Amino acid sequence: MTSEIRYRSAHLSRQSVDEGARIIRDVSVSSDEPYARFYGTEILSHSPGSIDLSRVTTGASPLLFNHQRNELIGKVSNPQLRNGKLYVDLKFSKSEMGRQMLADVQDEILTECSIGYEVNKFEVDEDEETYTATRWTLFECSLVSIPADYTVGVGRAQNQPQEISPFMNTDPNQRRRSSNRNSAREALPQYPRARRSF
């Protein structure tokens, strides 16, 4: 499977701010809500064992600004899964940029966050056009000025950053006829077909 970083965003929902430690605690950064992608509907499983959080638990998951690797503003820690959502703590750097970002969050200037992640295993329901990530790895969290989910596209490849424009039409009949969608699906790794019950 090709190594590819995807983005998904959420409103910055936080429970408490520890100003002395420069930590925003219990931030909801992802959920199992379906997201429209240009190849179909993507669902991130949040069941136990579905998320590889090893980078977070070992202190290797950065807090970035707008997913820019050279704009490090802190670290991500203390991951917890509750009710189909992933919560983390965001610790801000003592650097000038880190302090400014924390102040902007407290002033509600920055209100959106986003995750960078890699899907390791999909289960595909071709009838429903859903792609459920049953195993995925969290790489980083970012504070963002423009949330990635507003453009619902595949993110940037790890080895060569490049934005890929999404196919936004929500009519399933038109999506089936779309050459853009067919090309995108051909590029996806093929996994055993799975059915989803409702």
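Values quoted throughout were computed directly from the atomic coordinates according to the rules given, and no laboratory measurement underlies them. Model, not experiment: these values are computed from the prediction. Every residue, glycine as well, gets a Cβ built from its backbone with ideal geometry; the counts of neighbours run over all protein chains shown.
The amide H of residue 112, built 1.01 Å from its N in the peptide plane, has 12, 144 as neighbours under 5 Å, considering only residues 5 or more places off or on other chains. Every pair of different Cα atoms in segment 1-143 enters the Kirkwood calculation, which places the hydrodynamic radius at 15.6 Å.
Near the amide H of residue 26, within less than 5 Å, lie the amide hydrogens of 88, 89, 90, all on another chain or at least 5 residues away, with H placed in the peptide plane.
The string of couplings for segment 85-101 from the Karplus curve (6.51, -1.76, 1.60, θ = phi - 60°) is 9, 9, 10, 9, 9, 10, 9, 8, 5, 7, 5, 4, 5, x, 5, 5, 5 Hz, one whole number per residue in order, with x for Gly and Pro. Whole-Hz Karplus values for segment 113-118 come out as 10, 8, 10, x, 9, 10 Hz, taken residue by residue from phi with 6.51 cos²θ - 1.76 cosθ + 1.60 and θ = phi - 60°; glycine and proline positions read x. Under the convention that each Lys and Arg Cβ holds +1 and each Asp and Glu Cβ holds -1, the size of the dipole of segment 32-108 around its Cα centre is about 300 debye.
Between residue 71 and 65, the built amide H atoms are under 5 Å apart, and every one of these is 5 or more places off in sequence or on another chain.
Full extension of the chain segment joining residue 107 with residue 72 gains 10.6 nm, where the gain is 0.36 nm per residue of separation less the Cα-Cα distance. Look at the alpha carbon pairs under 8 Å that are at least 6 residues apart: their mean separation over the length of segment 61-123 gives a relative contact order of 22 percent. Derived scalar couplings between HN and Hα for segment 46-58 equal 10, 6, x, x, 7, 10, 7, 9, 4, 5, 6, 5, 9 Hz in order, rounded to whole Hz, by the Karplus curve 6.51 cos²θ - 1.76 cosθ + 1.60 (θ = phi - 60°), x for Gly and Pro.
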